[in-house]
Structure formats: C-alpha cells, structure tokens
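First comes the structure, then the notes that go with it.
The values are calculated or read from the model by the stated rules, or taken from the named source; none is laboratory data. Since the model is a prediction, treat every value here as computed from it, not as a measurement. Quick note on the areas: whole protein, heavy atoms, side chains included, nothing else; ligands and nucleic acids left out. Shrake-Rupley method; radii C 1.70, N 1.55, O 1.52, S 1.80 Å.
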Amino acid sequence: KAGVTQTPRYLIKTRGQQVTLSCSPISGHRSVSWYQQTPGQGLQFLFEYFSETQRNKGNFPGRFSGRQFSNSRSEMNVSTLELGDSALYLCASSLARSSGNTIYFGEGSWLTVV
Amino acid sequence: GENVEQHPSTLSVQEGDSAVIKCTYSDSASNYFPWYKQELGKGPQLIIDIRSNVGEKKDQRIAVTLNKTAKHFSLHITETQPEDSAVYFCAASIGAGGGADGLTFGKGTHLIIQP
C-alpha cells in the first residue's frame with residue numbers, strides 16, 4: 001500500500017515568488033492535513049481538508065492556502081514568499097477527520113527561499 | 001489552544017539500555033496521543049499511539065503510558081538498538097468533533113544510542 005506522496009521533494013524559490021506543493025494521500029484516506037516544520041518553531045499545523053472543504057486552520061497568514069480535489073489529492077500554495085517560509089512542508093493523511101484519528105505523514109517538501 | 005511540553009530535548013543511552021521520553025499537555029479535552037519517529041531527511045513515522053480510554057499500550061520494545069489526571073504521557077523504549085537513534089515527537093489532539101489545531105507537537109527529543 002503506497003504511503004503519502006509529496007511533490008516536489010526539494011525546491012528553491014526567490015522572495016516574492018509563489019509556490020505550489022502537491023500531496024497524494026494514502027488510498028482511501030479522505031482527510032489531508034498540512035504542517036510546517038522548522039528548527040525554531042518545530043512542527044506546526046497549517047490546515048486540514050476533508051471532502052474538499054477546509055475544516056481547520058492553524059495560526060498562519062493568509063498567504064498560506066490550500067485546496068483538496070474530489071480524489072482527495074491536495075495542494076498548498078504560499079504566495080509572496082518570505083525568507084522565513086523556508087521549511088519542510090509535511091502532508092499527512094487519515095481515513096476520517098484528522099482530530100483523534102491515526103495520521104500518516106509523507107516525506108515532505110523542502111522549500112528554500114532565497 | 002493545546003500546549004505540549006516534551007523532555008528531554010536530547011537523550012543519550014547505551015545500546016541495550018532503556019530510554020524514556022516524557023510529555024505533558026495542557027488541554028484536558030485532548031484524548032489522542034501519538035508518537036512519531038523522524039530520521040534525518042524523512043517525514044515523521046508513527047510508531048505508537050494511545051487514546052485516553054487506555055492507560056498503557058505496548059508494541060514489542062515500545063510502550064506508551066498515559067496519566068490523564070496528571071496530563072502526562074511517556075514513551076518507553078527497551079533494549080535500545082542503533083537504529084533507534086532519531087528524533088522522537090509526542091503529540092496531542094482533541095478527538096473527532098473538536099480541536100481546531102490538528103495535532104499539537106512537542107519540540108522533539110533527539111535520542112542517541114551509544115554503541
């Protein structure tokens with residue numbers, strides 16, 4: 001059974017640009033969550049999508065957005081990139097709503113903003 | 001919102017010895033507590049989880065205990081092996097129907113297994 005797949009694995013962007021990251025959840029999983037991991041702040045919740053609707057949102061600015069498609073695949077977008085957005089972005093999936101359910105993570109997308 | 005404290009930040013043990021990592025949480029509504037292992041360059045891998053209706057759970061060399069009254073939970077690894085070296089994260093979340101913050105993670109423990 002394939003795990004959570006994230007693309008691209010590595011990317012470098014320039015300040016002010018925008019970036020789109022993609023996530024394919026485990027087959028049959030309907031909830032997709034996104035997390036940001038940095039050395040200073042650790043793992044922080046960005047948002048959760050379930051049935052193509054954003055269900056929860058963490059404390060991040062509006063430059064961070066996402067969406068989920070009918071096949072449960074998800075994308076997240078960061079606009080007007082800042083140096084502080086450099087991080088590992090992790091996608092996670094679960095069968096049902098993420099709260100209280102087992103959550104599996106992908107390998108992440110390493111974003112460097114220069 | 002929920003706050004999770006994790007200790008220690010670094011733990012060095014001799015191969016074959018036991019390792020214990022402790023976490024405390026602040027929100028008494030939290031009822032799901034997973035532990036993840038993250039190796040360098042990889043995403044977090046779920047190693048064990050516990051729900052608040054259970055006090056202890058074991059899986060081979062790994063066990064987790066939960067004290068709801070004190071709001072703390074611990075990861076125990078026995079007979080440690082070199083491949084156990086990694087960063088371990090505890091997390092907490094409120095069960096289905098609640099929780100606006102997804103999983104709230106501790107800051108992580110870097111476990112080093114000395115040969």
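What does the accessible area of B:Ile62 come to, in Å² to the nearest 10, when a probe of 1.4 Å is used?
Looks like 40 Å² after rounding.
What ranking of B:Ser28, A:Ser65, A:Ser93 comes out by heavy-atom accessible area, probe 1.4 Å, highest first?
So the residues, ranked largest to smallest area, are B:Ser28, A:Ser65, A:Ser93.
Convex hull over the alpha-carbon atoms of the range B:25-115: what's its volume per residue in Å³?
Taking the convex hull of the Cα positions in the range B:25-115, it is 105 Å³ per residue.
Roughly what % antiparallel, to the nearest 5, for the DSSP beta bridges in the protein assembly as shown?
Bridges in the protein assembly as shown are about 90 percent antiparallel.
Taking the alpha-carbon distance from B:Lys58 and a cut-off under 24 Å, which lysines remain once sequence neighbours fewer than 8 residues away in the same chain are dropped?
Within reach: B:Lys22, B:Lys37, B:Lys68, B:Lys71, B:Lys107.
Would you mind pulling out the separation of the Cα centroids of the range B:26-71 and the range A:1-71, in Å?
23
For A:Lys57, list the aspartates and glutamates whose Cα falls under 19 Å from its own Cα; do not include residues on the same chain fewer than 8 positions away.
In chain and number order, the partners are A:Glu48, A:Glu75, A:Asp85, B:Glu2, B:Asp27, B:Asp101.
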